[in-house]
Amino acid sequence: MVRLLMTWIWFVGSSLSLALLLVFLWRGIIINQDFAEVLDDLAGIYLPFFTPIAAFWFAERGEPSNAPASASSLAIGMSVLYNIVMLAMLGSVLFSEQIGGLVANRIDLMRQVGLYLGGIVGLSIGYFFGKE
């Protein structure tokens, strides 16, 4: 159940971020050339977390999970926090009056914030899957 929830959190977070980028493209906030570059950056923000979680679906399972509730709560909580922060940062572009180059700047900021949050989030996810 927790595996499914973790996968869902990261899938929804990355999908909503991609949807926001498509809205920016549709509204002319970013142009086609910038879209490809920003999309690569967005993948770098989400894939380091999403791919290991997805890989655990293919891991051979042994005995039933003995992961403590604190491990799953921490991993889920940190995953939700990370995704909310990233979506809020990207979504705030919609409410900004100055939009020229803002998406690329915001993605750069997201990457920097993601590096700091990523250490904590990665540890919590690793702790959960290590105990599972």
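Below are the figures for this structure:
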read-out: Fewest-first sequence of Glu97, Glu37 by Cβ atoms within 10 Å of each Cβ; value: Glu97, Glu37
read-out: Degrees between helix 32-55 axis and first principal axis of the chain (Cα, 0 to 90, nearest 10); value: 10
read-out: Sites Leu102 and Thr7, calculated FRET efficiency, Cβ-Cβ separation with R0 30 Å, nearest 0.05; value: 0.45
read-out: Square roots of five times the Cα gyration tensor eigenvalues for the chain, Å; value: 32, 14, 11
read-out: Charge dipole (the chain, unit charges on Cβ, about Cα centre) - positive-most of Val93, Ile125, Pro52; value: Ile125
read-out: Label point distance in nm, Leu18-Ile120, each placed 7 Å from Cα along Cα→Cβ; value: 2.8
read-out: Per-residue [θ]222 nm for the chain (sum of -39500 (n - 2.57) over DSSP H runs n ≥ 4, rounded to 500); value: -27500 deg cm²/dmol
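The numbers here are math on the coordinates, done by the rules we state, and not lab data. What you see is a predicted model; the values in this text were computed from it and never measured. Glycine also receives a Cβ, built like all others from the backbone with ideal geometry; neighbour counts cover every protein chain displayed.
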